[in-house]
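The values are calculated or read from the model by the stated rules, or taken from the named source; none is laboratory data. Since this is a predicted model, take the numbers as computed values, not measurements. Backbone-built Cβ (ideal geometry, glycine too); neighbour counts: all protein chains shown.
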Amino acid sequence: MRQRVEEYISNLQDEIVAALEKVDPNAPAFKRDSWLRAQGGRGLSCVFAVPTPPDGVAPQHTVLEKAGVNISVVHGTLPPPAIKQMRADHSSIPDIQTSVPFFAAGISLVIHPRSPHAPTVHANYRYFEITKEPTDAQREAGQPGDLVAWWFGGGADLTPSYLYEEDAVHFHKTLKAACDAHGADVFPTFKAWCDEYFFIPHRGESRGVGGIFFDDLCAEPHKRLADGAARPKTADEIFAFVRAAGDAFVPSFVPVLERRCRMPSTEHERRWQLLRRGRYVEFNLVYDRGTKFGLVTPGARIESILMSLPETARWEYMSELGTDPESREGKLMEVLKTARAWV
């Protein structure tokens with residue numbers, strides 16, 4: 001499974017980057033940054049960024065403002081504090097009081113378009129193993145120790161600054177089609193989980209309009225799915241579901257990006273976009289599980305972990321934007337306060 005996941009995420013990264021570069025063929029290509037982890041493993045970060053010049057005037061000619069499509073395949077030793085943090089969300093992990101070997105492979109991406117009318121999007125799909133220390137025979141053969149726990153996690157979600165209902169419907173409809181082939185309960189369960197997870201409690205609002213989110217998906221019965229629910233149950237079935245969800249990213253997002261990325265915008269709309277990006281930063285730094293785990297993992301690559309943050313964001317004291325329910329900003333706030341079934 002380790003090899004299969006590594007091959008899949010590498011191919012998916014190539015596909016997504018190629019699709020994004022095709023949208024804006026005159027823009028600079030994504031920067032490919034290959035790296036090695038001293039504690040074990042490797043990664044490839046594909047990042048798009050056009051630095052703001054010294055005069056502070058951001059360039060207006062690119063579709064994307066900042067984007068990253070990263071893969072990592074890492075292994076090493078997981079310390080007790082990291083295990084303790086993970087056990088709260090992963091029932092398959094036994095109570096372990098010592099450091100243990102781990103393996104993790106995944107793809108993580110965040111796309112911040114320049115236009116306020118084009119939504120930010122996030123997706124990640126990952127595989128994780130915890131093993132015992134290898135025996136002498138296993139070490140000699142270059143094999144890992146016996147499995148203690150394994151699972152898949154991930155999802156995708158859309159974060160617009162301005163609400164275009166047809167975009168939200170398209171995004172959810174595409175993800176639903178990918179999920180439905182793997183069980184009727186999969187999409188509604190993971191859609192509801194996404195609405196719950198990407199919520200900013202101190203603001204009382206969602207980060208965006210949702211998508212799907214899942215974690216701790218393994219051979220054991222899943223606490224989020226009803227008993228007897230049709231769902232992927234074996235490692236092969238779960239991996240097939242994850243591939244279907246990953247393959248749905250380009251058709252779910254790129255048509256939306258192409259539809260909105262060249263719409264004209266005003267300074268007022270840009271101001272609102274930067275305020276919404278501030279909310280994005282708040283969620284990622286305060287609540288996001290992956291960010292918090294990455295920051296406590298030995299040898300963490302901080303640049304990759306914080307790749308998700310936008311290049312520019314804004315915070316205003318008691319801003320009036322979004323408070324008028326009849327305004328376009330207010331229409332977005334309405335759906336961020338109350339989750340909606342888009343399909």
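Of the residues in segment 200-224, how many are part of a loop (DSSP other than H, G, I, E, B) and touching a Gly at 6+ places or on another chain (Cβ under 8 Å)? Break it down stepwise before answering.
Let us first name the residues in segment 200-224 that are part of a loop (DSSP other than H, G, I, E, B), namely 201-204, 207-209, 218-224.
This time we only want the ones that are touching a Gly at 6+ places or on another chain (Cβ under 8 Å), so: none.
Of the residues in that region, 0 qualify.
Among the residues of segment 295-323, the ones that are assigned to a helix (DSSP H, G or I) and surrounded by fewer than 18 Cβ atoms within 10 Å (Cβ to Cβ) come to 5 in all. Annotation: of all residues in segment 20-36 being in contact with a helix residue (DSSP H, G or I) (Cβ under 9 Å, 6 or more places away or on another chain) and assigned to a loop (DSSP other than H, G, I, E, B), the one that is surrounded by the fewest Cβ atoms within 10 Å (Cβ to Cβ) is 29.
Exactly one residue out of 167, 215, 227 is under 16 Å from the mean Cα position of the chain (by Cα), of a type in the set (D, E, K, R) and either modelled with pLDDT under 95 or buried (at least 21 other Cβ atoms within 10 Å of the Cβ) (or both): that is 215.
Could you please find all residues in segment 252-294 being among the hydroxyl-bearing types (Ser, Thr, Tyr), over 19 Å from residue 124 (Cα atoms) and either surrounded by 17 or more Cβ atoms within 10 Å (Cβ to Cβ) or touching a strand residue (DSSP E or B) at 6+ places or on another chain (Cβ under 8 Å) (or both)?
Initially, segment 252-294 is screened for residues among the hydroxyl-bearing types (Ser, Thr, Tyr), giving 252, 265-266, 280, 287, 291.
Then keep just the ones that are over 19 Å from residue 124 (Cα atoms); that gives 265-266.
Hit for segment 252-294 is 265, nothing else.
Under the condition of being among the aliphatic types (A, V, I, L, M), closer than 16 Å to residue 182 by Cβ, surrounded by 15 or more Cβ atoms within 10 Å (Cβ to Cβ) and in contact with a helix residue (DSSP H, G or I) (Cβ under 9 Å, 6 or more places away or on another chain), the residues counted in segment 230-251 number 4.
Looking at the structure I just gave you, is residue 17 out of contact with any Lys or Arg (no Cβ under 7 Å at 6 or more places or on another chain), modelled with pLDDT of 90 or more and part of a helix (DSSP H, G or I)? Lay out the reasoning, then the answer.
Details: out of contact with any Lys or Arg (no Cβ under 7 Å at 6 or more places or on another chain): yes; modelled with pLDDT of 90 or more: yes; part of a helix (DSSP H, G or I): yes.
When the stated conditions are applied, residue 17 passes them.
When residue 143 is tested against (1) farther than 19 Å from residue 252 by Cα; (2) surrounded by 21 or more Cβ atoms within 10 Å (Cβ to Cβ); (3) not hydrophobic (A, V, I, L, M, F, W, C), only condition (2) is not met. Taking every residue in segment 322-334 that is closer than 19 Å to residue 199 by Cβ and pairing it with any residue that is exposed (fewer than 12 other Cβ atoms within 10 Å of the Cβ) and hydrophobic (A, V, I, L, M, F, W, C), at least 6 positions away or on another chain, yields no pair with a Cβ-Cβ distance below 9 Å. For segment 178-223, filtering for residues that are among the charged types (D, E, K, R), touching a residue at least 60 places away in the same chain (Cβ under 8 Å) and more than 21 Å from residue 127 (Cα to Cα) leaves 4. The selection criterion, being under 23 Å from residue 86 (Cβ atoms) and either part of a helix (DSSP H, G or I) or in contact with a Cys (Cβ under 6 Å, 6 or more places away or on another chain) (or both), does not hold for residue 278.
Against the test of being more than 14 Å from residue 117 (Cα to Cα) and outside any helix (DSSP H, G or I), the options 251, 232 yield a single qualifying residue, 232. Applying a threshold of 6 Å to beta carbon distances and a minimum spacing of six or more residues, or different chains, the list of pairs starting in segment 69-84 at a residue that is within 9 Å of residue 105 (Cα to Cα) and ending at one that is crowded, with 21+ Cβ neighbours inside 10 Å and hydroxyl-bearing (Ser, Thr, Tyr) is empty.
In segment 261-286, the residues that are over 9 Å from residue 116 (Cβ atoms) form Cβ pairs under 8 Å with partners that are part of a helix (DSSP H, G or I) and not hydrophobic (A, V, I, L, M, F, W, C), at six or more places apart or across chains, as follows: 284/291; 284/308; 285/291. For residue 117, the test of being farther than 25 Å from residue 13 by Cβ, modelled with pLDDT of 85 or more and assigned to a loop (DSSP other than H, G, I, E, B) is passed. Among the numbered conditions (1) aromatic (Phe, Trp, Tyr); (2) in a loop (DSSP other than H, G, I, E, B); (3) under 16 Å from residue 249 (Cβ atoms), the only one that residue 190 does not meet is (2). Is there a residue in segment 121-134 that is touching a residue at least 12 places away in the same chain (Cβ under 8 Å), of a type outside the set (Asp, Glu) and not in a strand (DSSP E or B)? Looking through segment 121-134, at least one residue is touching a residue at least 12 places away in the same chain (Cβ under 8 Å), of a type outside the set (Asp, Glu) and not in a strand (DSSP E or B). Taken over segment 134-152, the criterion of being aliphatic (A, V, I, L, M) and within 29 Å of the chain's Cα centre (by Cα) is satisfied by 147, 148, 149.
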